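What follows is one structure encoded as structure tokens, with my remarks underneath.
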Amino acid sequence: MSEDRRSYDNAIPVPALGTLWISVLKSLQRLLQPAHFETWFRRSALASIEEPLAVVVVPNAFCASWLERYYMKELQTALREHMTLELVNREPLVRFSIHAEVPSVPFDAVPTTDVEGRPSVFAERSSTSSRHETPFATKSSDGYLRSTDGSINTLYTFEQFVTGRSNELAHAAAQGVVESPGRLYNPFFLYGSVGLGKTHLLQAASHAYLLKYPDARILYLPCETFINHFISALEEGNLNNFRHRYRGADMILIDDIHLLANKERTQEEFFHTFNVLYNAGKQIILSSDSPPVDIPSLQERLVSRFKWGLVAQIEPPDFETRVAILRRKAHYKGFELPLEVAHYIAENITSNIRELEGAVTKAIGVARLNHQQLTPELAREALRDFVTVAPQKRYPMSELINAVCRICNARLQDLQSKKRNKSIVLPRQLAMFLARELTTLSLDEIGSYFGGRDHSTVLYGIDKVRSLESGDVEVAELLRRIRKDLAAGNA
Ligand code: ADP
Ligand code: MG
């Protein structure tokens with residue numbers, strides 16, 4: 001058993017098809033009745049995945065045609081959750097391949113079900129963990145996470161989390177919490193806007209904690225689940241069970257706790273859950289879209305408790321981090337993303353990592369489909385939809401150049417010339433930088449406005465300004481004035 005565990009530990013950072021398939025199966029379990037799941041998916045495997053195509057191995061042709069006929073929708077739904085395809089508006093494609101020897105899924109994928117036959121964390125009683133006084137174990141004896149409603153994504157690990165200035169505190173703190181649970185930062189309150197990695201970090205902490213303490217009773221759940229469980233407990237007069245479950249956890253992670261806003265009775269209940277766990281030295285980790293004080297009508301005593309430990313913010317990633325994330329995601333999909341393409345995407349998608357991920361998936365998909373090299377031009381084509389959603393106002397190039405010339409006291413023909421004195425190079429580079437930000441032109445197109453300079457020269461100029469933007473007061477001031485001039489419509 002411990003051997004099995006070790007090999008699973010090692011497998012976590014590697015997106016082995018088996019691990020991926022297990023995640024897909026867990027999703028399927030939530031969609032299907034247990035008996036159907038058993039019959040049709042117990043003996044299955046993933047042969048390959050090349051988005052959007054997944055090849056699933058089943059033991060015989062009958063099984064293949066049955067799945068094709070009756071379970072395609074569920075299969076696609078489950079696959080979509082793990083392929084990030086919903087972002088690119090494509091359905092996963094499924095083909096079957098037949099292999100009489102396909103083994104049973106090598107883990108006890110089927111959790112105990114509750115009375116209604118729904119998979120349930122809480123209904124689970126572990127016969128092996130008599131050491132615990134509470135009646136549920138949160139992990140199966142073979143070492144797989146069982147602590148959730150099946151909603152843990154096995155790819156959300158600390159190793160897969162790319163850090164930069166915007167998120168390194170949150171990342172380090174989450175790791176610290178797992179190192180010394182209940183002691184270092186309790187509670188650990190993580191906030192930031194959507195798509196910046198909160199769920200990723202919470203799930204990573206769950207994984208890491210379980211790897212460290214395999215017998216731990218850990219609850220990871222979206223806040224909604226807490227609310228819904230509480231409501232059903234009230235309805236069913238089952239509050240004792242409810243309290244037993246939540247207050248018996250060794251670590252609790254509640255995602256999107258801001259959803260407690262305006263839910264007075266649930267807040268009241270959570271307040272007591274919090275106190276019991278806190279007083280018992282159990283680690284509490286919460287995520288939210290805003291800091292505690294900004295959660296609407298959150299009881300003052302909860303606000304103050306949420307601040308007892310560490311409140312950490314995840315901010316939108318800076319340019320370098322975005323590039324690193326893109327390259328990591330691409331690498332993970334077996335693709336080395338050319339730096340220029342990574343720059344292009346990172347320049348155009350700035351606020352949300354989920355979108356970055358979708359963009360890289362789409363760009364790779366298009367390149368593969370067309371058997372083409374992934375150039376910035378192809379990426380631009382592929383990302384049209386993503387890029388136009390950027391809320392940035394656009395300006396015609398002529399207006400933009402006029403504004404730059406006016407604020408910098410430069411002449412258009414100098415910007416277009418070969419001259420390289422500083423008084424000309426800087427305005428030229430500022431104009432390139434702003435053109436990237438405020439027009440939809442490609443690097444080559446921008447270059448054509450400046451005496452036919454090529455895209456690498458333009459990219460160099462843009463990078464140069466970017467590196468000066470935050471540290472060089474003169475450059476920052478010029479940019480501010482040009483933007484203001486443009487917004488005022490002076491050009
Ligand atoms: P949130 O919960 O804050 O809305 P998620 O945790 O769901 O955001 O993150 C959205 C997507 O972006 C996920 O697929 C996640 O893996 C990915 N992601 C977020 N931050 C990072 C990061 N720093 N490194 C790698 N991937 C990240
Ligand atoms: Mg989330």
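The values are calculated or read from the model by the stated rules, or taken from the named source; none is laboratory data. The structure displayed is predicted, hence computed values, not measured ones. A quick note on method: Cβ atoms are made from the backbone with ideal geometry, for glycine too, and the neighbour counts reach across all protein chains shown. For accessibility, only protein heavy atoms count, side chains too; no ligands or nucleic acids. Shrake-Rupley method; radii C 1.70, N 1.55, O 1.52, S 1.80 Å.
Observations on the structure shown:
- Taking 0.36 nm per residue of separation and subtracting the Cα-Cα distance, full extension of the segment from Glu91 to Ser193 would add 34.0 nm.
- Ranking of Trp308, Trp40, Trp21, Trp66 by solvent-accessible surface, largest first: Trp308, Trp66, Trp40, Trp21 (1.4 Å probe, protein heavy atoms only, all chains present).
- Once the C-beta distance of Val425 and Ser290 is scaled by a Förster radius of 35 Å, the resulting FRET efficiency is 0.20 to the nearest 0.05.
- Ligands, DNA and RNA aside, His244 has an accessible area near 90 Å² when probed at 1.4 Å.
- Charge sum, other residues only, whose C-beta stays under 9 Å from Pro376's C-beta, Lys/Arg counted +1 and Asp/Glu -1: -2
- Modelled FRET efficiency - R0 56 Å, Ala35 with Ser456, Cβ distances, 0.05 increments: 0.40
- Annotation for the stretch 282-343: GluC sites (Glu not before Pro) lying in DSSP loop with at most 16 further Cβ atoms inside 10 Å of their Cβ are Glu336.
- Rough spin-label spacing in nm, given labels placed 7 Å along Cα→Cβ, for Phe271 and Asn228: 2.6 nm
- For the stretch 430-491 and the stretch 154-187, distance of Cα centres in Å: 37 Å
- Average Cα contact separation per residue, the stretch 276-420, under 8 Å, 6 or more apart, as relative contact order %: 16 percent
- In sequence order, calculated HN-Hα J values of the stretch 207-224 (Karplus, 6.51, -1.76, 1.60; Hz; x Gly/Pro): 4, 4, 5, 5, 5, 7, 10, x, 9, 5, 9, 10, 10, 10, 7, x, 4, 3
- In this rough spin-label picture, where each label sits 7 Å from Cα along the Cβ direction, the Glu68-Glu399 distance is 5.5 nm.
- Measuring between alpha carbons in the structure, the pairs from Lys419/Lys484; Lys422/Lys464; Lys307/Lys329 lying more than 22 angstrom apart are Lys419/Lys484; Lys307/Lys329.
- Neighbourhood net charge (15 Å Cβ-Cβ; Lys/Arg +1, Asp/Glu -1) for Asp472: +1
- The equivalent ellipsoid of the stretch 344-491 has semi-axes of 28, 17, 13 Å, largest first, where each one is the square root of 5 times an eigenvalue of the Cα gyration tensor.
- Spin-label model, Ala100/Arg368: points 7 Å from Cα along the beta carbon direction are separated by 3.2 nm.
- Zone of Ser351's modelled label, taken as backbone nitrogen in the stretch 229-261 under 18 Å from a point 7 Å along Cα→Cβ: none
- The accessible-area ordering, largest first, of the residues Phe450, Phe161 stands as Phe161, Phe450, per a 1.4 angstrom probe.
- Charge sum, other residues only, whose C-beta stays under 9 Å from Gln299's C-beta, Lys/Arg counted +1 and Asp/Glu -1: -2
- Relative pair counts by distance (%), Cα atoms of the stretch 325-425, 5 Å bins: 2, 11, 19, 16, 11, 11, 12, 11, 5, 1
- What the Cβ-Cβ distance of Tyr332 and Ala61 gives, at R0 = 30 Å and to the nearest 0.05, is a FRET efficiency of 0.35.
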